[in-house]
Every structure is written in C-alpha cells, then in structure tokens.
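What follows is a set of notes on a single structure, which appears directly below.
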Amino acid sequence: MAKERTLGIIKPDSVEQNHVGDILGMVERSGLELQAVRMTRLSRPQAEGFYAVHSERPFFGELVDFMTRGPVVVFVAEGEGAVAAYRKLMGATNPAEADEGTIRKAFGGSIGENAVHGSDSVENAVKEVAYFFPGFELGGTAS
Ligand code: ATP
Ligand code: MG
C-alpha cells in the first residue's frame with residue numbers, strides 16, 4: 001500500500017467538549033503520523049465551499065451552521081493507506097452505527113454533529129489538504 005496523506009477536521013462539537021487532545025491521541029495511536037495541525041474558524045463561504053458536494057442536500061444549511069458555529073482543528077495525517085485507515089478510525093457517519101473503538105462512537109452526538117471529518121478518497125485528500133494548508137504539497141510551510 002502506498003503512503004498517503006489525509007485531511008481531518010475536528011468539528012466544533014468536539015472542540016466545545018474539549019476532545020481535541022483525545023482525538024489527536026487516537027489518530028497518533030492508530031499509527032498515523034500528524035504532519036500539520038491548526039485551529040481555525042470556518043467562514044460561511046469556506047464551509048459552503050468545503051461541503052459543496054452536499055449543497056443540494058436537505059441538511060446543507062444545518063451542516064454549514066454547525067461547521068461555522070465555533071473553532072475547528074484541521075490536520076494532515078500521513079501513513080500507509082492513510083485515507084482508508086483514518087476513515088476506519090472515524091467510524092460510520094451516524095455515530096449510532098459506529099463501531100466500538102472509533103472516534104465517532106466515542107465522541108459523536110448525532111448524524112449531524114459527528115465529531116470529525118475525514119477525506120473520502122486520495123484525490124479528495126489532495127484537494128482538501130491544499131484547501132486548508134496551501135503550499136503544503138509543494139513542501140512549503142503551513143500558513
Ligand atoms: P464527513 O464528510 O464530514 O467526513 P462523511 O463522509 O462520513 O462525513 P458525508 O455523507 O460526506 O459523511 O456527510 C457530510 C456531513 O454532513 C456529515 O459528516 C454530517 O455532519 C452531515 N450529514 C450527513 N448526513 C446527514 C443527515 N442525514 N442529517 C444531518 N447531517 C448530515
Ligand atoms: Mg464526506
């Protein structure tokens with residue numbers, strides 16, 4: 001399997017509940033290597049752009065409200081098959097269906113407020129890393 005990078009977001013519900021350290025710890029203990037970590041607050045256009053693929057879905061407004069209501073932590077993790085490995089660590093979108101030992105099982109409150117985001121393909125991971133850490137793929141420092 002190839003070495004990959006994936007983009008994770010610790011969503012506002014997790015930051016509000018002081019779960020940032022626990023979640024980053026779970027990522028590290030899974031064997032993935034953190035390469036960049038930054039706390040930020042998404043603007044509405046940023047959240048709308050990030051989740052543009054869902055813009056026609058009935059929950060889109062709710063999703064953007066949620067993602068912009070407080071700070072988030074964005075991070076890049078690297079490892080063998082990192083995209084799928086981190087998706088597995090996150091657990092199902094609906095925390096009620098998430099496996100034991102996953103982040104969403106431990107910290108997700110509902111299908112809407114589900115603690116974390118993770119890139120769903122290598123192709124999207126490249127785009128999402130560039131979205132939050134411009135220059136990173138070029139070997140520049142995170143800005
Ligand atoms: P993410 O993209 O955040 O990693 P995901 O890939 O598991 O999550 P998606 O189908 O991409 O799930 O949905 C994006 C986000 O939209 C979900 O994480 C959740 O916050 C929200 N969402 C998805 N389905 C629903 C729903 N039925 N009702 C409310 N919110 C939803
Ligand atoms: Mg998704």
Connecting every pair of Cα atoms under 10 Å apart in the chain and solving the GNM, the largest mean-square fluctuation among Gly21, Gly112, Gly31 falls on Gly21
Estimated D of region 88-139 in µm² per second, where Rh is the Kirkwood radius over Cα pairs and Stokes-Einstein applies at 37 °C, 0.692 mPa s: 273 µm²/s
The residues Leu7, Leu24, Leu42, sorted from fewest to most surrounding Cβ atoms within 10 Å, come out as Leu24, Leu42, Leu7
Could you give me the ³J(HN,Hα) list for region 100-107, computed from phi with Karplus coefficients 6.51, -1.76, 1.60 and θ = phi - 60°, whole Hz, x at Gly and Pro? 4, x, 8, 5, 5, 5, 6, 10
With Cα springs under 10 Å, the Gaussian network model of the chain assigns the largest mean-square fluctuation among Asn18, Asn124, Asn114 to Asn18
Could you list Lys88, Lys3, Lys105 in order of exposure, starting from the residue whose Cβ has the fewest other Cβ atoms within 10 Å? Lys3, Lys88, Lys105
Mean-square fluctuation check for the chain, GNM, Cα pairs under 10 Å: which of Val53, Val122, Val76 is largest? Val53
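Contact order normalised by length for the chain, with contacts defined as Cα pairs under 8 Å and 6 or more residues apart; what percent is it? Mind showing how you got there, number by number?
Working: 246 pairs, mean separation 48.4, N = 143.
That works out to 34 percent.
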Taking 0.36 nm per residue of separation and subtracting the Cα-Cα distance, what length does fully extending Thr93 through Gln17 add? 25.5 nm
Expressed as a whole number of Å, what is the distance separating the alpha-carbon centroids of region 80-129 and region 1-74? 10 Å
Hull surface divided by four, with the convex hull built on the Cα atoms of the chain: how many nm²? 8.1 nm²
For Glu100 and Ser55, compute 0.36 nm times the residue count separating them, minus their Cα-Cα distance, and round to one decimal in nm. 13.1 nm
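A short reminder: the numbers here are calculations on the coordinates, not readings from a lab. Model, not experiment: these values are computed from the prediction. Note that we place each Cβ from the backbone using ideal geometry, even for glycine, and neighbour counts take in every protein chain shown.
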